[in-house]
Amino acid sequence: MANRTDPTARSVHGTNPQNLVEKILRSKIYQNTYWKEQCFGLTAETLVDKAMELDHFGGTFGGNRKATPFMCLTLKMLQIQPEKEIVVEFIKNEDYKYVRILGAFYLRLVGKPTDVYQYLEPLYNDYRKLRRRNADGGYVLAHVDEFIDELLTTEYSCDIALPRVPKRWTLETGGLLDQRRSALEDDFEEEEEKEEEEAAVNGLETMDIDKEHRSRSPVKERERDKERDRDRDRDRDRHRDYRDRGDRDRGDRDRGRDRDYDRDYDRGRDRDRDRDRHHRDRDRDREKDRDLYDRDRDRDRDRDRDRDRDYHRRDRGRDRDRERYSDRDRRRSRSRSRSRERRDRERERGPRSVSPDRKRRRGRAEDDGPLEDGEHRANPDDKKKEKKEKKKEKEKEKKQPVTDGTDHPDPEIAEANRLRAALGLKPLRP
């Protein structure tokens, strides 16, 4: 909410006023502590107090490109969009120079070209010093007139791209702007008036001196004037005759020179036309040759690239086959060496003896004869186990004779065992 433009604000140059500041710089201003603490809730009246506290100006500085308070207040003015009269009062303020340049910078961003030239050009006469903050965080000396000239002649100031403003002579030609009047013209006019007054005074003094001389000797002065007039007339006539003769000669000479000039001009124009045609033909042939050369070079390059690709593919396939064959040879040699080692061990160990069980199994297999379809040969181990189990059962039967207790020496126990035997119960233990 605090970063939104005033709903009553009008669009400037066809967009939101805050969009005149780049998005990256705008986001850095929104994250600035000065913006959050000092610019929150400012109005056109209370913004003047913050502008009076400024002691420098600039765009961004430091490694993280932190925005200056000057830029924070500029964005705040774009957000609240103060009236034009308030901005003009900022510019006309002569007590606080940073308030003046803040208003000038804002007017340069949102103002019309005529208003920009009308209100900013008078600030060329302000030569007060300013502190400007560089990108590295240091300060440099500047002046108000230098900053105004930067706003009017450049397209980028304080890390902001300024809107385009037409040249002054264009506006003067269209009648939208009067011719600029320098502040030094008044001084020049005063100097000219003083010179004219001095010239008038000197002229009166010379006239008085001539009157004095004429009053002293009127006859001599009259004769001297007649001789002067006669000499002047004679010189005028001589000059007229010389001028007429010279004009006549000059006319003939100029006419001949013009004729020669026209002839030379036509000849030079034809020569230039032929030279241009020759240059065009040569350039066309050169471009054609260059195109052919480029086409041939591209074709050769593609052919070399294809040849290199095929060569690498063949090399890769050859290497793969070589690796496959080498692996197969290695496996064969390994299995061959393993079988050789086994044969050597058996040879060193001698002929192996056959166990009796194996001989017996072989004999039984031979006695049984061939198997029929679907018949399986019995495992000798299973038969052996069955025989052992049967033998154990017979031994148990021999060791524990079966008795029902009827032959017990005690007649009562023998009777009870007979009853239990009839009921299918176990006999009583002795």
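Some points to look at:
- Charge context of residue 278, other residues only, Cβ under 14 angstrom, K/R +1, D/E -1: +1
- Cross-link pairs beyond the 24 Å C-alpha cut-off, checked among 394/426; 36/66; 388/426: 388/426
- Peptides 69-82, 300-313, 163-176, 26-39 ranked from most to least packed, by the mean per-residue count of other Cβ atoms within 10 Å: 69-82, 26-39, 163-176, 300-313.
- Across segment 21-99, the mean sequence separation of Cα contacts (distance under 8 Å, 6 or more residues apart), normalised by length, yields a relative contact order of 35 percent.
- Exposure rank, largest accessible area first [24, 86; 1.4 Å]: 24, 86
- When the listed pairs 92/194; 76/97; 28/50 are checked against a 26 Å cut-off, the alpha-carbon distance exceeds it for 92/194.
- Partners of residue 392 within straight-line reach, counting lysines whose Cα lies under 18 Å from its Cα and excluding those fewer than 8 residues away in the same chain: 383, 384.
- Segment 260-338-segment 30-72 distance, computed between alpha-carbon centres (Å): 61 Å
- With a cut-off of 14 Å between beta carbons, the residues surrounding residue 28 carry a summed charge of +3, where Lys and Arg count +1 and Asp and Glu -1.
- Burial ranking of peptide ranges 91-101, 43-53, 332-342 (average Cβ count within 10 Å, highest at the top): 91-101, 43-53, 332-342
- Net charge of the neighbourhood of residue 79, taken over other residues with C-beta under 11 Å away and scored Lys/Arg +1, Asp/Glu -1, is +2.
- Remark: the Cα gyration tensor places segment 289-349 in the prolate category, a/c being 1.5 or greater and a/b exceeding b/c.
- Sequence ranges 5-17, 281-293, 110-122, ranked by mean other-Cβ count within 10 angstrom, highest first: 110-122, 5-17, 281-293
- With an a/c value of 1.5 or above and a/b not larger than b/c for the gyration tensor axes a ≥ b ≥ c computed over the alpha-carbon atoms, segment 1-79 is described as oblate.
- Counting 0.36 nm for each residue step from residue 296 to residue 45 and taking away their Cα separation leaves a gain of 82.9 nm.
- Sequentially through segment 143-149, phi angles give Karplus couplings (6.51, -1.76, 1.60; θ = phi - 60°) of 9, 5, 5, 5, 5, 5, 5 Hz, Gly and Pro residues having no value and appearing as x.
- Sequence-distant residues sharing a close amide H with residue 160 (under 5 Å, placed H): none
- Area of residue 40 that stays accessible when all protein chains are in place (1.4 Å probe, Å², to 10): 150 Å²
- Full extension of the chain between residue 34 and residue 422 yields a length gain of 128.3 nm, computed as 0.36 nm times the residue separation minus the alpha carbon distance.
- Fully extending the segment from residue 323 to residue 308 would add 3.2 nm, taking 0.36 nm per residue of separation and subtracting the current Cα-Cα distance.
The values are calculated or read from the model by the stated rules, or taken from the named source; none is laboratory data. Please read these numbers as outputs of a predicted model, since none were measured by experiment. Methodologically, a virtual Cβ is constructed for each residue, glycine included, from the backbone with ideal geometry; neighbour enumeration extends over all protein chains shown. Keep in mind that these areas ignore ligands, DNA and RNA; they rest on the heavy atoms of the full protein, side chains included. Shrake-Rupley method; radii C 1.70, N 1.55, O 1.52, S 1.80 Å.
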